[in-house]
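Colleague: Below: one structure in structure tokens.
The values are calculated or read from the model by the stated rules, or taken from the named source; none is laboratory data. What you see is a predicted model; the values in this text were computed from it and never measured. Virtual Cβ from ideal backbone geometry, glycine too; neighbours counted across all protein chains shown.
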Amino acid sequence: MAAMFNRELKKGSAELLVLSFLEVRPRHGYEIGKLIETHSKKRIQFRIGSLYPILFRLEQKGLISGRWVEKPGERRRRYYRITSEGRRVLSRQRTAWEEFVSTINQLLSTKHA
Amino acid sequence: MPDWLRYVRDHLSLSDCPPAREAEIVEELADQLEDAYQEALRLGLSDEDAFRAAGQHVSDWAKLADDLRRAGFLRPQRGPEDHFSVLNGKQPAFSVGINRHPVRADKGNIGATASAIASNARHDMHYALRILAKNPGFGLMAVLTLAIGIGANTAIFSFVNSVLFRPLPYPNADRLAIILSGQGNANRAPVSTFELFNIREQTREFDQIAGIWVTDAALPGEGDAEQVKRGVITSNFLPLLCAKPELGRFFRAEDEDRQQDGKHTRAIIISHGLWGRRFGSDPGIIGRSVRIGGGSAVVIGVLPANFRLIFPNDASVPSNVEYFDTIPIDASEPRGPGFLHLIGRLRRGSNLARAQEEANAIATRLRSLDSEIALANFRIYVFSLHADDVREIRTTLLLLFGGVAFVLLIACANVAHLLMARAMRRVRETTIRAALGASRGRLVCQLLTESFLLGLFGGVMALGIGWAAVRAILAARPPSLANFGDVHLDVRVFAFTFAVAVCTSLLFGLAPAISVRRLNLTRGLKDVSRQVGSRRYHWPSFLVSAEVALAFALLLGTGLLMRTFINILHADPGFRADDVSTFRITVPSYQTLKQLQKNLSAVPGVKSVSAVSHLPLDDTGNWYDYYWKEGASADQQNTVMADHRSTLPGYFSAVGATVLKGRDFNESDDASHQHVAIVDDVLARELWPDETAIGRKLNISDSPAGAYQFQRDWAVVVGVVRHVQCHSLTASVRPQIYVPYQIAPRPSMSFVIRAIGGIPELGAIVRRQVALVNKDLAVTHLEPLSAVVVRAQAESRFASVLATLLSAIALLLACVGIYGVLSYSVAQRTGEIGVRMAIGAGRPQVVKMILTDGLSPVLVGLTAGFTVSLFVAHLLTRLLFGVNPGDPANYALILVILILVSMLAAFLPARRAMKVDPLTALRCE
């Protein structure tokens, strides 16, 4: 089984991941968690107890918005979509992350005394 | 199917959330749990297992509630800029292991500010604990080093606090003063009743002046006869020092006269100890007549259990006085001897300076009363009672306090070095954190929190070490400290320890914190490894220099104190204490004394027996008076004083003093023959420097009419003996005059028994012989004379043992410090060493390089230490005996010790450097 990333790394990137999974279309909470798990080949997993506060926080900040959707024959569920501000933030955050990862990679490729 | 709504409601407590919002949260969580449950069922789990698997999605409901609360379900929504505002600046918003979003408070919201600070502090504390737990060896080393440093300070501060800071346990203690007189060459003399009467009459600055004189008295009774300390006091003495008696009353002015008129029975007030020991704490003791001090007396009061007398050591007023009676203040006899030790209570609003001014004026008036009386050089001195009580021990305590401060500074230097070395190792981590958005302020706070935690743990451990050290020191404390009652860790000591822990943690935490302030982020990110490896820092050298300098000063102080103590151990006191036993009795008559001397002399193994009024180095109330030689002009009389001692024949051989010229006393040296005296060589040299003293006439004080009925008398010098140290082993206070007991009887005498080797059961033999002569005679102070000498060495032993201990700790810490710095330096320079060796440097050259690098700051430290030591030596002068503080030998010895220790500390790292494999080292580079 693939090794899990440590908690701190996961925590530092969670909001970025959530925003990126909402970029294409609205999703409900459990679905976002499952997508992250699947796409990361189970190396990043979020339990409901961890993911829900992140959604809650992003919504409070206005980066995503949630709304209850009722479909015939189904219980009502809360779907989240990314706001325009969320998109701007996601774009900036993505760039910053890439720069960070590249810097870290550069550092890690150097042998230090 | 599980009822997830109910499940969530049962587990999640959001009492402070608006109900509508809470309902939404509960519903959404229930929905997600249902999803999880359904998925588990799809994977083939049983109902029960699927329920459990879904439930595991939220393991900590309280944390979830807290996370939601912090995410702000109570606050209005904020704009997106608030959240990712860091992205608008230059710093990215990611964080690893440090609080990325330090909680910020809205302006004007004090509660939120406090909460923000508390949250940051909690986070920093948590992180610091984790860091310490990751490297327990480092933490333990730092905490232990600090605990030793702070603990030593706590222990010595406990004494400083109890002795110097805590007020004396008397009412209005800050207004109490001791009043001493200066007469002739004596500057701390007691006063006569005539002088007390006049001072009382004329003072406006004191509202009370009282006097005490302590002597011995026999306490016959049902059990063993006992000799106790009797305080002869003025009637206003006890109310000055004690709020109220435990039982009965204090003396009144009319009691003073009643004591003398012969019609009334003497009234006495007894100590709590005597009341319990001799009278079984009888509540009906008041008004009871008891046999005491050669007569009977009525007990009118019992003192409280915590009452004790605290007088300067040289006042001959011990703390354990067992009963008090009063004397009238006689205004009529200006020639009366000075024997009263005075204390006074300043009027409210007055002060010591005004009281001294007034005392000078009173002394001038007394001097002008009569040119013939013994007031020619009369002076009066007023000191604060507390300040005078502690004047002997103050220097010792403050110097020790300085010593422990040095130890603490060395400990701080070591911990600072540990932290700096670690901070350098953590440069990469710190740089990345800064890059991830941690502000420098937050990083500094984090580092200071780490050092604060170390200081706090060190402080807690220091309290334990301090407590143990206080117990140990109490066991060895000298008499000058013994009067001050309990020494313990009180609130002030706790506050002191905490303050020291906080201050020191800031002190040693400052260096790593400053290094963070100087962090170059851009260069740090690009070039982390080189920053660690190549940059040379000056702080290790500085710390080593500081440690060596402090250790130098401490070692010099210790060396001087140790040599003083050795000199004191070998000091010739003028007598030989070995094989001598002593005891004290109250003397009913000369015949009893003679009979006892005869009987004890007959005991097998006893070589010689005699008696003296004042044993050398003992605490019996001193007897000293003026002397002058025949032919001295009027202005030469009443100017210089000598200690007077009453003796039986044979005293000098029994005590082991050396008779230099002439003879000892004999049986015919009594009042009916020519009065004779024996003087010491100091007095003989002073009065007759170029001629023999034998046969010369000397005006002395004696009392042929009975004890304390002093008169001036001419005596012929029949012998000269070597000076005997009477007051301390080191200071020669006054010369000595010995007079035969028959012309100067004293109420109590100390027997001196010199035996050939030890006599088993000597105590029992002495008691039996004394009882045979007079069964009411109490035997006290039965002990070897060597015990008296050991007591006299106590203060010097105390100072030198403690100083040695401190120096040992300091030396060890400095050694560890130098070792640490050099080890670090070798580790840092491994690559460089490899390069040097690769291009041809030999191992000896590498070792030389490391030693030169390591020992250069030691040399700087030695130079600085030498300078500091000159000052320390100057401070120590008062405590030294037979040692020249500027003796180059001391400095040379310490230089050698410190260089050897430094080389020892440098040896292991140098050896490690020698073993560096060039290939490995180059690979590292």
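Colleague: Return the residues of region A:70-84 that are outside any helix (DSSP H, G or I), at negative phi and free of Cβ contacts under 8 Å to residues at least 12 places away in the same chain; say none if nothing qualifies.
Modeller: Hits for region A:70-84 are A:E70, A:K71, A:P72, A:E74, A:R75, A:R76.
Colleague: Sort out which residues of region A:50-91 are over 25 Å from B:R70 (Cα atoms) and not small (G, A, S), and write them in order of number.
Modeller: Those that are over 25 Å from B:R70 (Cα atoms) and not small (G, A, S): A:V69, A:E70, A:K71, A:P72, A:E74, A:R75, A:R76.
Colleague: On to the next question. So which residues in region A:37-57 are assigned to a helix (DSSP H, G or I) and more than 8 Å from chain B (Cβ to nearest Cβ), if there are any at all?
Modeller: Result: A:E37, A:T38, A:H39, A:S50, A:L51, A:I54, A:L55.
Colleague: Name the residue that is surrounded by the fewest Cβ atoms within 10 Å (Cβ to Cβ), counting only residues in region B:824-853 that are in contact with a Pro (Cβ under 6 Å, 6 or more places away or on another chain) and of a type in the set (A, V, I, L, M).
Modeller: Ranking the qualifying residues of region B:824-853, first place goes to B:A838.
Colleague: Here's a check for you: in region B:775-794, which residue that is assigned to a helix (DSSP H, G or I) and β-branched (V, I, T) is farthest from B:V655 (Cα to Cα)?
Modeller: By that ranking, first place goes to B:V790.
Colleague: Please go through region A:66-93 and give me each residue that is of a type in the set (S, T, Y) and touching a strand residue (DSSP E or B) at 6+ places or on another chain (Cβ under 6 Å), ordered by number.
Modeller: A:Y79, A:Y80, A:T83 - these are the residues of region A:66-93 that are of a type in the set (S, T, Y) and touching a strand residue (DSSP E or B) at 6+ places or on another chain (Cβ under 6 Å).
Colleague: Can you tell me which condition B:I737 does not meet? The list is (1) more than 26 Å from B:G650 (Cβ to Cβ); (2) surrounded by 23 or more Cβ atoms within 10 Å (Cβ to Cβ), and all the others hold.
Modeller: Status for B:I737: all satisfied but (1).
Colleague: Further question on the same structure: Suppose we filter B:V883, B:V901 for residues that are surrounded by 15 or more Cβ atoms within 10 Å (Cβ to Cβ) and modelled with pLDDT of 85 or more; which single one remains?
Modeller: Working: B:V901 fails: modelled with pLDDT of 85 or more.
Going through B:V883, B:V901 in turn, the sole match is B:V883.
Colleague: Still on this structure, please answer the following. Would you mind stating whether B:S646 is surrounded by fewer than 22 Cβ atoms within 10 Å (Cβ to Cβ), closer than 27 Å to B:Q591 by Cα and not hydrophobic (A, V, I, L, M, F, W, C)?
Modeller: So B:S646 does not fit the description; no.
Colleague: Which of the numbered conditions does B:A827 fail, given that it passes all the others? Conditions: (1) more than 14 Å from chain A (Cβ to nearest Cβ); (2) at pLDDT below 80; (3) over 19 Å from B:L554 (Cα atoms).
Modeller: (1)
Colleague: Among B:V640, B:V655, which is the only one that is on the phi < 0 side of the Ramachandran plot and modelled with pLDDT under 90?
Modeller: Answer to the check: B:V640.
Colleague: Additional query: Which pairs do you get when a residue that is among the basic types (K, R), found in region A:34-48, comes within reach of a residue that is surrounded by 16 or more Cβ atoms within 10 Å (Cβ to Cβ) and assigned to a loop (DSSP other than H, G, I, E, B), reach meaning Cβ atoms under 6 angstrom, with the pair 6+ apart or on two chains?
Modeller: Here the result reads A:R47/B:H57, each pair linking region A:34-48 to a residue that is surrounded by 16 or more Cβ atoms within 10 Å (Cβ to Cβ) and assigned to a loop (DSSP other than H, G, I, E, B).
Colleague: Here's a follow-up. Can you confirm whether region B:844-859 contains a residue that is modelled with pLDDT under 80 and within 17 Å of B:I894 (Cβ to Cβ)?
Modeller: no
Colleague: So which of B:A873, B:A841, B:A889, B:A913 is part of a helix (DSSP H, G or I) and more than 18 Å from B:T564 (Cβ to Cβ)?
Modeller: B:A913
Colleague: Something else now. B:D579 - would you say it is closer than 30 Å to B:L893 by Cβ, modelled with pLDDT of 85 or more and surrounded by fewer than 24 Cβ atoms within 10 Å (Cβ to Cβ)?
Modeller: Against the criterion (closer than 30 Å to B:L893 by Cβ, modelled with pLDDT of 85 or more and surrounded by fewer than 24 Cβ atoms within 10 Å (Cβ to Cβ)), B:D579 does not qualify.
Colleague: I'd like the full set of residues that are more than 16 Å from B:Y7 (Cβ to Cβ) and facing another protein chain (nearest Cβ under 10 Å), limited to region B:33-54.
Modeller: The one that is more than 16 Å from B:Y7 (Cβ to Cβ) and facing another protein chain (nearest Cβ under 10 Å): B:E39.
Colleague: Follow-up. What is the number of the single condition among (1) at pLDDT below 90; (2) of a type outside the set (K, R); (3) touching a helix residue (DSSP H, G or I) at 6+ places or on another chain (Cβ under 9 Å) that A:E70 does not meet?
Modeller: A:E70 satisfies every listed condition except (3).
Colleague: Only one residue in B:N109, B:N88 is modelled with pLDDT under 60, at the interface with chain A (Cβ under 10 Å from one of its Cβ atoms) and loosely packed, with under 12 Cβ neighbours inside 10 Å, so which one is that?
Modeller: On inspection, the qualifying residue turns out to be B:N88.
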